[in-house]
1. Just to check I understand the Karplus step: with θ = phi - 60° and J = 6.51 cos²θ - 1.76 cosθ + 1.60, what whole-Hz values come out for segment 3-20, glycine and proline as x?
2. Hey, with R₀ at 35 Å, roughly what FRET efficiency would Phe132 and Thr315 work out to, going by the Cβ-Cβ distance, to 0.05?
3. Taking amide H positions as placed 1.01 Å from N in the peptide plane, with prolines and chain starts having none, which residues 5 or more places from Leu190, or on another chain, fall under 5 Å of its amide H?
4. For segment 1-102, which semi-axes, largest first and in whole Å, follow from the square roots of 5 times the eigenvalues of its Cα gyration tensor?
5. So which lysines pass the test for Lys345, namely a Cα distance under 19 Å, with those fewer than 8 places away in the same chain ruled out?
6. Restricting to DSSP H runs of at least four residues, report the calculated mean residue ellipticity at 222 nm for the chain, -39500 (n - 2.57) per run over all residues, nearest 500 deg cm²/dmol.
7. Would you mind working out the magnitude of the charge dipole of segment 133-219 relative to its Cα centre, with +1 at each Lys and Arg C-beta and -1 at each Asp and Glu C-beta, to the nearest 20 Debye?
8. Would you give the gap between the C-alpha center of segment 4-42 and the C-alpha center of segment 285-307, rounded to a whole Å?
Amino acid sequence: MESMEAELKSLTQVWITVLVCLTYCYLISRNIPKGIFRLISVLPIIPIFIILPLSLTSIHLLGIIGFFIAWLANFKLLLFSFNQGPLSSPSISFVHFISIACFPINFRQNISPKTEKSISQNPGSSSLPSFFIYAVKGLVIVLLIYVYKFRQYLHPNFIIFLYCVHIYFLLELILIVTAKSVQFLLGLELEPQFNNPFVSTSLQDFWGKRWNLVVTGILRPTIYQPVQFICASIFGKRWAQLIALLATFVVSGLMHELIFYYFGRVRPTGEVFSFFVLHGVCLAVEIELKRCFKNRFQLPPLVSGPLTVVFVLVTGAWLFFPQYLRCGADVKSLGEYAIVAESVKGLIQKWWGSFS
C-alpha cells in the first residue's frame with residue numbers, strides 16, 4: 001500500500017511538471033515566432049520529458065508516460081517549433097493545446113470518402129458494436145492473465161504469441177479509452193488509433209495504414225518528410241523516399257529502445273532497434289518490388305495477409321520480445337495485475353460487508 005501511495009505521489013508530480021512545461025510552451029507561442037528561436041525555447045523541455053518517466057516504477061505507468069510524454073509530446077513540440085503538427089493551429093485554446101500535447105490524439109482532418117469508408121469499417125468507429133468488441137478484448141486480457149499462471153506447462157513460443165495478443169489488445173484499449181475520454185470532455189472529432197492490423201495484406205499496409213496510426217501520424221511529419229525533402233535534391237526522389245523510410249524506422253527503433261530502458265533500467269541490447277530496422281529494410285524491398293512489377297504480380301490477400309501477420313509475429317518473437325522478457329516486464333506487469341486484483345477484491349468485500 002505504501003508503495004502504491006508513493007507511486008501515485010510520483011505520478012502526480014510528473015503530471016504537474018508536464019502541465020507547467022506545456023503551459024510555458026503555450027505562452028511562448030504567443031510571443032516567439034515559429035523557427036529557430038522558438039525551437040531553442042522549446043529544447044529545454046525535451047530532456048525534462050525524457051527524464052520524467054524515470055521517477056516511476058510501475059510498468060504500465062512507465063509505458064504510458066514514456067509513450068505519451070517522452071515520445072509523442074516531444075515530437076509534437078518539435079513540430080510546434082516550426083508551426084506544424086497538431087499544436088500549430090493559431091486558434092487552438094489552452095485546454096486543447098494541453099490535451100493534444102499530453103495524449104495520443106489528433107483532430108480528424110478533412111479526409112476522402114475512401115478513407116472515411118475505411119475508418120467506418122474500423123470497430124472503433126461505431127459506438128455500440130465497438131463497446132462490445134473492446135469489452136471482449138478486455139475479457140481476453142483477463143483470461144490471458146489467468147492463463148499465465150500455467151506458463152510452465154506451455155511452450156515458450158506460444159507464450160510469446162499470447163504476449164503479442166495481450167500487448168496489442170492492451171495498447172488498443174489504453175489508446176481508445178484515452179481518446180474517447182478526451183473526445184467526451186472536449187467534444188473533439190478524433191482520428192482512429194488502429195485499423196484492424198490483423199487483416200493487413202502487406203508490410204506497407206500494416207505499418208502505413210493499420211498499426212498504431214498515432215505514431216505513424218507523428219513520425220511522418222517529424223522524420224519521413226524532412227529527410228525525404230533533404231535527400232531529394234541529393235539522391236533523387238526515388239532514393240530519397242527509401243532513405244526517409246529507413247530513417248523513420250531507425251527513429252522508431254530508438255524510441256522503443258528508450259521505452260524498454262524505462263521498463264527494466266537495463267542496458268539496451270539493440271534487438272528491439274534491429275526489429276524496426278529489419279522491418280524498414282523489408283518494407284523498402286517490398287515497395288521496390290511493387291514498383292518493378294508495377295503491381296502486376298500481387299499475391300491474393302488470402303495468401304499475403306497470413307504471410308504478413310506471420311512475419312510480424314516471427315520477427316517479434318526473435319527480436320522484440322527477448323528484451324521485453326529480459327527486463328522483467330512480463331513478471332512486473334503480472335505482479336501489478338495481482339495488486340490491482342487484490343485491491344478490487346478488498347473494495348468489493350468492504351462494499352458487500354456494508355450491506356450484510
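Just so you know, all these numbers are worked out from the coordinates, no wet-lab data involved. Just so you know, these numbers come straight off a predicted model, no measurement behind them. When we count neighbours, we look across all protein chains shown, and the Cβ atoms used for this are built from the backbone with ideal geometry, even at glycine.
1. Each residue's phi maps through the Karplus curve to give 5, 5, 5, 5, 5, 5, 5, 5, 5, 4, 5, 4, 5, 5, 4, 4, 5, 5 Hz.
2. Working from the Cβ atoms, E equals 0.65.
3. Amide H neighbours of Leu190: Arg108.
4. Each semi-axis is the square root of five times an eigenvalue, giving 27, 12, 11 Å.
5. Lys149
6. Dividing the helical sum by the residues of the chain leaves -22500 deg cm²/dmol.
7. Here segment 133-219 has a charge dipole of around 300 debye.
8. Spelled out, the Cα-based centre of one part sits 45 Å from the other.
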